[in-house]
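The values are calculated or read from the model by the stated rules, or taken from the named source; none is laboratory data. Since we're looking at a predicted model, the values are computed, not measured. As a convention, Cβ positions derive from the backbone with ideal geometry for all residues, glycine included, and neighbour counts pool all protein chains shown. These accessible areas exclude ligands, DNA and RNA; they are computed on the full protein's heavy atoms, side chains included. Shrake-Rupley method; radii C 1.70, N 1.55, O 1.52, S 1.80 Å.
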Amino acid sequence: MMKIKAYAAASKEADLKPFELERRDTLDDDVKIDILFCGVCHSDLHQVRNDWKNSVYPVVPGHEIIGKVMEVGKNVSKFKTGDLVGVGCLVDSCHTCSACKDDLEQFCENGATFTYNSKDKHLGGHTFGGYSESIIVDQQFVLKVPENLDAKAAAPLLCAGITTYSPLAHWGVKKGDKVGVIGLGGLGHMGVKFAHAMGAHTVMITTSPSKSEDAKALGADEVLISKDEDQMKKHAGSFDFLLNTIPVGHDMNPYANLLKRDATMVIVGAVEPLDPLHGGSLIMGRKSIAGSLIGGIKETQEMLDFCGEHNVVSDIEMIDIQNINDAYDRLQKSDVKYRFVIDMKSLKES
Ligand SMILES: [Zn+2]
Ligand SMILES: [Zn+2]
């Protein structure tokens, strides 16, 4: 076992502070990763503040990890020292249930092991995430990162990227489809980039007219202001697919109204109660509303390969780990375009 530097929150009221944690030795199927960059996801903030009532302290957040392989176990053939790799929200699962067999480890029926704040099968206690110098992960949960991508801007692909790519891929979004992305934040900006890269006619749907120029720069063909009833009427019944990234409970009725017959809106942001939905919104036109959670490991690799081919990365703002608490305050106010990424050199040199 080895001790390494990290940043942790000791309680829901506490700031993140320097912390020392232990990682297991590199086992036969393990990849030991020197962490270069770690994205800051809204879930990190939720877990630190115990918003989902399941946090175990100390919490070391971070599940958008990019690093270089330092060492591999003797059964590892897919990776070698020096490779650029990623780790997302998952570090293990049961490997035997029907979800795991279908490459959907995020839905593991026996409980997937999440990168942080999950039961640690090896050391006991709970898992610690990427706000740390290094991490040791079973090879099946390590992703290859295309070398042509900007490594720091690739970090958010591991959560924000797969969260938005997976529903677009699963529901078969294709060239020429009219796709709406609702909400322009960390998730929404990736949704626009992916829908555009897949060849869809991409419409950014937002409450703020001030976001129009930014949305177009990210690849939106059109911007629809959801507060403008005339515009909403004009687009009614015209969308093949809607990706709803709004992070809080809201009224879905106006959006359901935008769907074409047989089209689907997928919720990826709001993990909380939603306002009542009028049954007629779905019945009239055989419409669907669904949800989606990150993606399995196989699909996450497909997403990274897609990003390599289409040169898709996140728009980021780099920070040092010492500024993480300020970054959380700004994240709370959605004051970031569009993802903070921690330069982990700042931790190693501290
Ligand atoms: Zn996340
Ligand atoms: Zn399983």
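Going by a ≥ b ≥ c, the root eigenvalues of the Cα gyration tensor, does segment 22-132 fall in the rounded group (a/c under 1.5), the prolate group (a/b larger than b/c) or the oblate group? Present the calculation step by step, with values, prior to reporting the outcome.
On the way: a/c = 1.71, a/b = 1.21, b/c = 1.41.
Verdict is oblate for segment 22-132.
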Using +1 at the C-beta of Lys and Arg and -1 at the C-beta of Asp and Glu, which of I182, A263, A14 has the Cα lying farthest in the positive direction of the dipole of the chain? A263
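Quick one: grab the alpha carbon gyration tensor of the chain, order the square roots of its eigenvalues as a ≥ b ≥ c, and give me rounded if a/c is under 1.5, else prolate or oblate depending on whether a/b is larger than b/c. Numbers along the way, then the final one.
Working: a/c = 1.80, a/b = 1.66, b/c = 1.09.
The shape class here is prolate.
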Of all the accessible heavy-atom surface of the chain, with the other protein chains kept in place and a 1.4 Å probe, what percent is carbon and sulfur? 50 percent
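For segment 206-292, what does the accessible surface come to per residue with a 1.4 Å probe? Please give it in Å².
52 Å²
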Residue-by-residue Karplus 3J(HN,Hα) for segment 38-44, coefficients 6.51, -1.76, 1.60, Hz, glycine and proline x: 9, x, 10, 9, 4, 4, 4
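Using the Cα centre of the chain as the reference point, and only Cβ charges (+1 on K/R, -1 on D/E), how large is the resulting charge dipole? Debye, rounded to the nearest 20.
Value, rounded to 20: 440 debye.
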Per residue of segment 338-350, what does 6.51 cos²θ - 1.76 cosθ + 1.60 with θ = phi - 60° give for ³J(HN,Hα)? Whole Hz please, x for Gly and Pro, Karplus curve as stated. 10, 8, 7, 10, 8, 7, 6, 4, 5, 7, 5, 8, 7
Which pairs break 26 Å Cα to Cα here: K68/K211; K178/K233; K144/K348; K5/K101; K32/K345; K80/K152? K68/K211; K5/K101
For every helix of n ≥ 4 consecutive DSSP H residues, a contribution of -39,500 (n - 2.57) applies; sum these over the chain, divide by its total residues, and give [θ] at 222 nm rounded to the nearest 500 deg cm²/dmol. -6500 deg cm²/dmol
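Net charge around C307, counting only other residues with Cβ within less than 13 Å of its Cβ (Lys, Arg = +1; Asp, Glu = -1)? Before the final figure, lay out the partial values.
On the way: positive: K144, K193; negative: E147, D150, E299, E302, D305, E309.
That works out to -4.
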Out of segment 286-350, which trypsin sites (Lys or Arg not before Pro) are coil in DSSP terms and have no more than 13 other C-beta atoms within 10 Å? R286, K333
Determine the shape class of segment 79-127: with a ≥ b ≥ c the square roots of the Cα gyration tensor eigenvalues, call it rounded for a/c under 1.5, and otherwise prolate if a/b is greater than b/c, oblate otherwise. oblate
Cleavage-rule hits, trypsin sites (Lys or Arg not before Pro), segment 1-77, DSSP coil, Cβ neighbours within 10 Å at most 11: K53, K74
Lys/Arg Cβ at +1, Asp/Glu Cβ at -1, dipole of segment 196-350 taken about the Cα centre: which of G296, G308, I321 is farthest positive-ward? G296
List the residues whose amide H sits under 5 Å from the amide H of L224, counting only those 5 or more places along or on another chain, with H placed 1.01 Å from N in the peptide plane. M204, I205, T206
